[in-house]
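Right, one structure below, let's go through it.
What follows is calculated from the coordinates using simple rules that are stated; it is not laboratory data. Predicted, not measured: the structure shown is a model, and the values here were computed from it. Virtual Cβ from ideal backbone geometry, glycine too; neighbours counted across all protein chains shown.
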Amino acid sequence: MLGTLRFRLTAVFLAVVLLFALVSIALAAGLFRDVTREQSVDELRREASGLAALYAESALRASDEGARAPEFAAEKLELATGDKLYYIGASLFPGQRFGLTRLSRSALGDVELDRDEQVIVEFTPPGETRRFIAAAQPVQLVRGTEPFGWLVVAKPEAELREQWLTLFSRLSLALLAGVVLAAALFLWLSRRLTEPLRVLTRATEQVAAGRYDVEIPEAKGRDEIALLSRRFRGMVTELAEAENLKRSFLMSVSHELRTPLTAIRGHVEALREGIVTDEEQVRASLDIVAAETDRLERLVGDVLDLAKLQAHRFTVRSEEVHLERVLDQAYGAFAEEARRREIDYSLSGSEEAPVIVSDGDRVLQVITNLLSNAFRWTPDGGRIELRLDRANGAVSVDVVDSGPGVPGSQRARIFEAFVSDDVNGTGLGLPIAKELAAALGGEIELGATPESGSRFRLVLPVAPAT
């Protein structure tokens, strides 16, 4: 569980969310603390300025009119403002008590009090253990004169801390609730994300065990996981087809090898046991053994060639190839069969054949395979044409026949090994021709003639690509 992708995704997500949340809370708390301090200082400044003006006015009235000190009590002012009131300096009401707690200038430490401007100080009043922040306002009976003293309005710093600590606790609760909700949401999302991966994991284990009939649910959506699921489904389908082809290949090879071997064994046993004694029959049996041996040799050679081509371990030479000679040689190899079967067999364009750079033997092998396929499917009295064209730096060799043609359902599989409806063929000629053409830098195209039959076109470059 702890090592699963789902757990790691959730843990990383929550760690990132928690980190950003903690940074945000720290920034918010710091900003709130600064704002709260500024607001408190502004409030202290206003209170100190107003109260200093009030006491200065009362002191002037007492001096001019002989009035007594103001009746209002400092305790009530402190209760109204929520702050502590102190006074430093000479008495505003000589011989009278006016209710403010007196402080010595040394109580403020090394702070220098200004005669005209307010001063913000931090100090610990006598008899207190708490630290206070205060605004010291000069009390001037007449503006611009020497102050009688300074009115100090102080607030405990602990109250400021309590405000932003309250905010911090609320933000922490909000963070906890947010993390819980985010965890629940991401667990659900991670399940949605990782469940297809778990299905694919189980499917890969089954495929690794050789089971290609595994069911893979249809992927929904267009995200990367859906694309991976579709690609994996396609891969499994191709693997299943490749497995079927391999089995079919092995069965076909076994069958094709067993047929000549059975014939050879039957004739050899007949000769060894003395069943065949007539000289003419002995010669016929030996001819059959030789023919089946040649057939067996060709089959094994074709299988090896196809395997090398598909594994890209086939060596292709690079030499000057006179296509006219190659076409004449390929054409002449089937001339006698065409005459015997009364097939209209023709060659055109060879007089304009260029000299190309390729592997002459392999080019001849491809053309021969295409001609062999054409003669196999063309009925007696039919038509086969071998022609050459040249255009756009490439040459094309067409083999056109009047056979039954290739059905649309077979066009995609005709170049697969052992896929053939001809009981006398191996089904390797066209696959080898296709792989050889690709190895030579060309390709084979399959088309249809206007009347009936097929047209196989070998396209080769005049010179190999550099």
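For this structure, a couple of remarks:
- Spin-label model distance (nm) - Tyr212 vs Arg130, 7 Å beyond Cα toward Cβ: 8.3 nm
- Ile288/Glu337 FRET efficiency (R0 25 Å; Cβ-Cβ; nearest 0.05): 0.80
- Shape call, segment 361-404: gyration tensor on alpha carbons, a/c limit 1.5: oblate
- Lysines whose Cα lies under 23 Å from that of Lys76, excluding same-chain neighbours fewer than 8 positions away: Lys84, Lys155
- If R0 is 56 Å, the Cβ-Cβ spacing of Glu43 and Ala11 corresponds to a FRET efficiency of close to 0.75.
- Glu205 paired with Leu187, simple spin-label distance in nm, labels 7 Å along Cα-to-beta-carbon: 2.4 nm
- Pairwise label distance in nanometres, Arg376 with Leu141, each label 7 Å out on the Cα-Cβ vector: 13.1 nm
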